[in-house]
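Below: one structure, written as structure tokens.
The values are calculated or read from the model by the stated rules, or taken from the named source; none is laboratory data. What you are looking at is a predicted structure, and each value in this text was computed from that prediction instead of being measured. No Cβ is skipped: glycine too gets one built from the backbone with ideal geometry, and neighbour counts run over all protein chains shown. Just the protein is used for accessible areas: all its heavy atoms, side chains included, with ligands, DNA and RNA removed. Shrake-Rupley method; radii C 1.70, N 1.55, O 1.52, S 1.80 Å.
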Amino acid sequence: MVTTIAETLAIKGEELEAALARISAPTGDQGGISFGKRVGEGTSMAVDRISLVAAHERLQVMLADVRRAQAKLIEGDYGKCDRCRAGIPPERLEALPWATLCVGCAGRR
Ligand SMILES: [Zn+2]
């Protein structure tokens with residue numbers, strides 16, 4: 001079975017949206033639960049929420065990259081760096097099909 005880049009991006013986008021939905025669902029109603037009652041638990045809950053927020057942000061950034069790569073595919077721009085317009089090496093696109101910047105530009109992001 002051959003999977004095209006468009007399919008790979010569509011699948012990844014769905015995965016990320018599902019993961020985002022899972023992460024954002026439980027955080028909304030945890031605010032009022034026994035914060036500060038027991039210090040140990042409250043602290044770990046706070047840490048959990050911080051790491052969840054960080055994970056959520058990472059997923060959102062990746063999803064934005066996937067959406068951008070999909071747009072580039074449609075525009076015929078796929079494989080070109082968004083910043084310096086240089087070609088993104090095929091090995092990089094193979095490892096990271098939603099890469100929208102070359103290695104040099106991605107490092108400076
Ligand atoms: Zn670049």
Being within 12 Å of the chain's Cα centre (by Cα) and surrounded by 13 or more Cβ atoms within 10 Å (Cβ to Cβ) is the filter here, so list the residues in region 59-92 that pass it. L59, Q60, M62, L63, A64, D65, V66, R67, R68
Can you find a residue that is farther than 22 Å from S24 by Cβ, part of a helix (DSSP H, G or I) and within 13 Å of the ligand (Cβ to nearest atom) anywhere in region 70-92? yes
Looking at region 94-109 only, could you name the residues that are closer than 14 Å to K12 by Cα and part of a helix (DSSP H, G or I)? E94, A95
Tally time: how many residues in region 96-105 are farther than 15 Å from A6 by Cα, open to solvent by 30 Å² or more (accessible area, probe 1.4 Å) and out of contact with any Lys or Arg (no Cβ under 7 Å at 6 or more places or on another chain)? 1
Which pairs have Cβ atoms under 8 Å, sit 6 or more apart or on different chains, and link a residue in region 62-86 that is aliphatic (A, V, I, L, M) to one that is more than 16 Å from the ligand (Cβ to nearest atom) and not in a helix (DSSP H, G or I)? A69/P97
Condition met for S24 (loosely packed, with under 14 Cβ neighbours inside 10 Å and modelled with pLDDT under 95): no
